[in-house]
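See structure below.
The values are calculated or read from the model by the stated rules, or taken from the named source; none is laboratory data. Everything numeric here is computed off the predicted structure, so don't read it as measured data. Don't worry about glycine lacking a Cβ; one is built from the backbone with ideal geometry, like all the others, and counts go over all protein chains shown. Heads up: the accessible areas ignore ligands, DNA and RNA and are worked out on the full protein's heavy atoms, side chains in. Shrake-Rupley method; radii C 1.70, N 1.55, O 1.52, S 1.80 Å.
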Amino acid sequence: MAAMPFIAGNWKMNGTLSSAKALAADLAARARASTLKLPRIALCPPAPLLAEVTTAIAGSPITLGAQDCHAKEKGAHTGDVSAWLLANMGCKFVIVGHSERRADHGETDSVVKAKAEAALAAGLTPIICVGETEAERNAGKAADVVRAQVAGSLPGQATAANVVIAYEPVWAIGTGRTPTPDDVKAMHAVVRQTYAQGRADSADLAILYGGSVKGSNAATLLAVQGVDGALVGGASLDAVDFWKIIEAAPKR
Ligand code: 13P
């Protein structure tokens, strides 16, 4: 049984109180009014905007997510946010191991794994991000890199019911470039096969594609075998375009 389709918006370091409220309220109104079979939908705003967004999406099928968490429950970690506080704020999901955090903050697979474990312990579903750089792809190492990232970042207790994996080739993020459908299919198969080591529920795992997903290419990317949804950056800041992506999600 394939995973329920899932479209998540990663707002990254964008938005203000007023723009977050307007965007989330616009999407919530579309979701409430929709007669479509909607995918799971999550919005992942910057942490200071979580409260504003949770108010705006109340009573709609849209759920709340965060962009990162610390591995510890609490303590002397200035500037960090714990998975437990995120859960307390109403989050259901938290992105961990995004390539921007791996690059900007030197996060290794073991750090990402510890964060994913904290998310699980706090009752959140981690969206664990993996993906190769352009140099790694050009060197023919994309599959090896992603295999190692999945193996190193996935908690031992991960199941298809409690984690989501996002395949985001770094060179496709914010560039307008996307892999071919065949490459997406091949890399999602690599992710699924790696997850499957020692696990029997790999067919149920949600694997999202991320990297320059827009309303105009969503139907093509979301129709690829093994793609269960999308993790959307730039296009998730525009209600009209993000809604097009939601409408392009597989209906199953
Ligand atoms: P873009 O959709 O802006 O390429 O970003 C993708 C991404 O990094 C989502 O996490």
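Things to note:
- Paramagnetic label reach from Ala135 (point 7 Å along Cα→Cβ; backbone nitrogen cut-off under 18 Å): within region 158-202, residues 169-173.
- Across Leu222, Leu17, Leu86, mean-square fluctuation computed from a Gaussian network of the chain (C-alpha pairs under 10 Å connected) peaks at Leu17.
- Normalised radius of gyration (Cα atoms, divided by 2.2 N^0.38 Å) for region 132-203: 1.14.
- Sites Ala22 and Met89 - FRET efficiency at Förster radius 35 Å, r taken between beta-carbons, to 0.05: 0.95
- Solvent-accessible surface of protein heavy atoms, probed at 1.4 angstrom with all chains present, puts Glu100, Glu247 in the order Glu247, Glu100, largest first.
- Residues whose amide H falls under 5 Å from that of Ser82, counting only those 5 or more places apart or on a different chain, are His70, with hydrogens built in the peptide plane.
- The chain - mean residue ellipticity at 222 nm from DSSP helices (-39,500 (n - 2.57) per run, n ≥ 4, rounded to 500): -11000 deg cm²/dmol
- DSSP-assigned coil residues among trypsin sites (Lys or Arg not before Pro) in region 54-147, each with at most 10 further Cβ atoms within 10 Å: Lys74
- Pair-distance distribution P(r) for region 87-158, from all Cα-Cα distances in 5 Å bins starting at 0: 3, 18, 25, 22, 16, 8, 4, 2, 0 percent.
- Of Asp241, Asp144, Asp104, the one that fluctuates the most in a GNM where the chain has Cα springs shorter than 10 Å: Asp104
- Each eigenvalue of the Cα gyration tensor of region 22-150, multiplied by 5 and square-rooted, gives one semi-axis; in descending order these are 28, 20, 12 Å.
- Summing Cβ point charges (Lys, Arg +1; Asp, Glu -1) relative to the Cα centre of region 124-181 gives a dipole of roughly 60 debye.
- For region 41-91, the relative contact order comes to 35 percent (Cα pairs under 8 Å, sequence separation of at least 6).
- Percentage relative contact order, the chain, counting C-alpha pairs under 8 Å, at least six apart: 22 percent
- Annotation: lysines with alpha-carbon distance below 26 angstrom to Lys113 (same-chain offsets under eight excluded): Lys12, Lys72, Lys74, Lys92, Lys141, Lys185.
- Taking amide H as placed 1.01 Å from N in the peptide plane, Thr63 has its amide H under 5 Å from the amide H of Ile41, Ala42, Leu43, each at least 5 places away in sequence or on another chain.
- Derived scalar couplings between HN and Hα for region 159-172 equal 10, 5, 8, 10, 9, 10, 10, 10, 8, 10, x, 4, 6, 9 Hz in order, rounded to whole Hz, by the Karplus curve 6.51 cos²θ - 1.76 cosθ + 1.60 (θ = phi - 60°), x for Gly and Pro.
- For region 174-233, relative contact order (Cα pairs under 8 Å, six or more residues apart, normalised by length) works out to 41 percent.
- For region 78-178, the solvent-accessible area with a 1.4 angstrom probe is 41 square angstrom per residue.
- Averaging 1/r over each pair of different alpha-carbon atoms in the chain and inverting the result gives 17.9 Å, the Kirkwood hydrodynamic radius.
- Simple spin-label estimate for Thr35 and Ala186 gives 4.4 nm between the two label positions (7 Å along the Cα-to-Cβ direction from each Cα).
- Gaussian network model of the chain, springs between alpha carbon atoms under 10 Å - residue of Ala42, Ala206, Ala239 with greatest fluctuation: Ala239
- Three-way shape call for region 92-234 based on the alpha-carbon gyration tensor, with the a/c threshold at 1.5: rounded
- Backbone amide hydrogens, once placed in the peptide plane, bring Glu132 within less than 5 Å of Val170, excluding anything fewer than 5 places away on its chain.
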